[in-house]
1. Which ³J(HN,Hα) values in Hz, rounded to whole numbers, follow from the phi angles of segment 74-87 under the Karplus curve 6.51 cos²θ - 1.76 cosθ + 1.60, where θ = phi - 60° and Gly and Pro get x?
2. Quick check: from the Cα gyration tensor, does segment 1-69 come out rounded (a/c under 1.5), prolate or oblate?
3. In whole angstrom, how far apart do the alpha carbon centroids of segment 133-195 and segment 89-122 sit?
4. Take segment 1-120, compute every pairwise Cα distance, and split them into 5 Å bins from 0; I just need the percent in each bin.
5. Estimate the FRET efficiency between Glu138 and Gln51 by the formula 1/(1 + (r/R0)^6), using the beta-carbon distance for r and 35 Å for R0, to the nearest 0.05.
6. Within segment 111-195, what percent of beta bridges assigned by DSSP are antiparallel, to the nearest 5?
7. For segment 102-195, place one equal point scatterer on every Cα, skip the solvent, and apply the Debye formula. What is log10 of I(q)/I(0) at q = 0.14, 0.15, 0.25 Å⁻¹?
8. Net charge near Trp142: determine it from the other residues with C-beta under 9 Å of the C-beta of Trp142, scoring Lys and Arg +1 and Asp and Glu -1.
Amino acid sequence: MDRWEKLREDCMTCRNCSLSERRKNVVFGDGAHDAEILLIGEGPGQREDEQGIPFVGPAGQLLDDMLEMIGLDRTKVYIANIVKCRPPNNRDPLNVEQEACIGWLRCQTAFLRPKIIVCLGRIAAKAIIREDFRITQEHGQWVQRKNVWLTAIYHPAALLRDDAKRPDTFEDLKDIQRKIREVCERTCGMPDCKP
Ligand code: URA
């Protein structure tokens, strides 16, 4: 068993917090194990809990469309969440739950060694970029940390609730595409490019 499989197996039996008591499935992540781009959401919803795959509900459909706009799909990125088990009634994951779970994501990140990390929404941006991150003011901005470029965009579920956020997100996506061309070696980010 390779290191990634071992990590996944260990995560599947995690009991680090009480979210594990009600879960149907641990949602470990989805995508390419050699991805240069890591997308980080908040936590599984109902559909994700049922299927064990991140972003498979309505927000996931929109995320797939957003990826396609900049020449990406799930074979070219890796998608994970801050917490790997569904919070009840889709509430925000508590700090204690995030702290109990973040180690899995740290191990995934260390394994993948992404060039770009895109936080999807406020919860991920606060956990990954900065505790006082303000998504409305700082979405689309870049910070570099240990050779990794980090940014945050609105969560696709927020775009489903509020159309007015879409133009800003379109600009942020185009900027992510520019950053991919600048720093990624194997991912092109051009629509219709199938290397
Ligand atoms: N929202 C998230 O943040 N993550 C998912 O996997 C699904 C919806």
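The values are calculated or read from the model by the stated rules, or taken from the named source; none is laboratory data. The shown structure was predicted, so the numbers you read here are calculated from the model rather than taken from an experiment. Virtual Cβ from ideal backbone geometry, glycine too; neighbours counted across all protein chains shown. Keep in mind that these areas ignore ligands, DNA and RNA; they rest on the heavy atoms of the full protein, side chains included. Shrake-Rupley method; radii C 1.70, N 1.55, O 1.52, S 1.80 Å.
1. 6, 7, 10, 9, 10, 10, 9, 10, 5, 10, 9, 10, 6, x
2. Oblate, since a/c reaches 1.5 and b/c is not below a/b.
3. For segment 133-195 versus segment 89-122, the Cα centre distance is 17 Å.
4. The distribution over segment 1-120 is 2, 12, 23, 26, 20, 13, 4, 1, given as percents.
5. The formula returns an efficiency of 0.65 here.
6. Among the beta bridges of segment 111-195, antiparallel pairing accounts for roughly 40 percent.
7. -0.55, -0.64, -1.36
8. 0
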